[in-house]
1. Report ³J(HN,Hα) in whole Hz for each residue of the stretch 107-115, in order, from the Karplus equation J = 6.51 cos²θ - 1.76 cosθ + 1.60 where θ = phi - 60°; Gly and Pro get x.
2. Of the DSSP beta bridges with both residues in the stretch 52-155, give the percent that are antiparallel, rounding to the nearest 5.
3. FRET efficiency for Arg24 and Gln157, Cβ-Cβ distance as r, R0 = 30 Å, nearest 0.05?
4. Long-range amide H contacts for Phe32: which residues qualify at under 5 Å (H placed 1.01 Å from N, peptide plane, sequence gap of 5 or more or a different chain)?
5. Please give the length that would be gained between Ser74 and Trp120 if that part of the chain were fully extended, namely 0.36 nm times their separation in residues minus their C-alpha to C-alpha distance (nm, one decimal).
6. For the stretch 25-165, what is the convex hull volume of the alpha-carbon atoms per residue, in Å³?
7. Would you work out if the stretch 23-70 is rounded, prolate or oblate? Take a ≥ b ≥ c from the square roots of the eigenvalues of the alpha-carbon gyration tensor; rounded if a/c is under 1.5, else prolate when a/b is larger than b/c, oblate otherwise.
8. For the pair Gln33/Ser94, report the inter-label distance in nm, with labels modelled 7 Å from Cα in the Cβ direction.
Amino acid sequence: MKRIAVWGLLLLGAVWATPAPPYRTPSEAIPFQGPLLEGGAFDLNAYLGQTPLVLNFWASWCRPCHLEAGLLESYFNAYAGRVAFVSVNVQDPSESARAFVARYGLTFPVVQDGGADIAWAYRVTGLPTTFFIDVSGRILFVHRGPLTGEQLDRYLQRLLEPVEAY
């Protein structure tokens, strides 16, 4: 009985001493670098402070990601020069990611995140997840799940409002 009490106290102490995982979404963009799907390197710092940004996390095995892929490409083209679009492919084999990109004709940068390090830094808990980041690097909105055209319109309108408006 004494052993059970000692083990119980040790277990309770171990649980108490273990920090809770920080699942809170960051309020500022977290700069990252990574390999691009089609070769070369990506550095988010090249975008921060230059233009508003749509940062989308997805994977080819994620069924809801298929629902929004073509929509993101059409908005990328419609907002060219005003808003940057970047996607992060999470834990996907390169061949699967390339097939997804080809299927939907994606032309914006696709960063590979094989170890989910970038997704972890942004506290992504499900796919797809999209972050809307203003020109100063503040995360204004986080959308979990597939986007519709109406939702994307609203987010982009707010993203392009002058800073004083929010």
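1. Each residue's phi maps through the Karplus curve to give 10, 7, x, 10, 8, 8, 10, x, x Hz.
2. 50
3. Approximately 0.70, to the nearest 0.05.
4. Those qualifying (amide H under 5 Å, at least 5 residues apart or on another chain) are Leu44, Asn45.
5. 13.8 nm
6. 96
7. oblate
8. 1.9
No value in this document is a laboratory result; all are computed from the given coordinates. Predicted model, so just to flag it, every value in this text is computed and none were measured. Backbone-built Cβ (ideal geometry, glycine too); neighbour counts: all protein chains shown.
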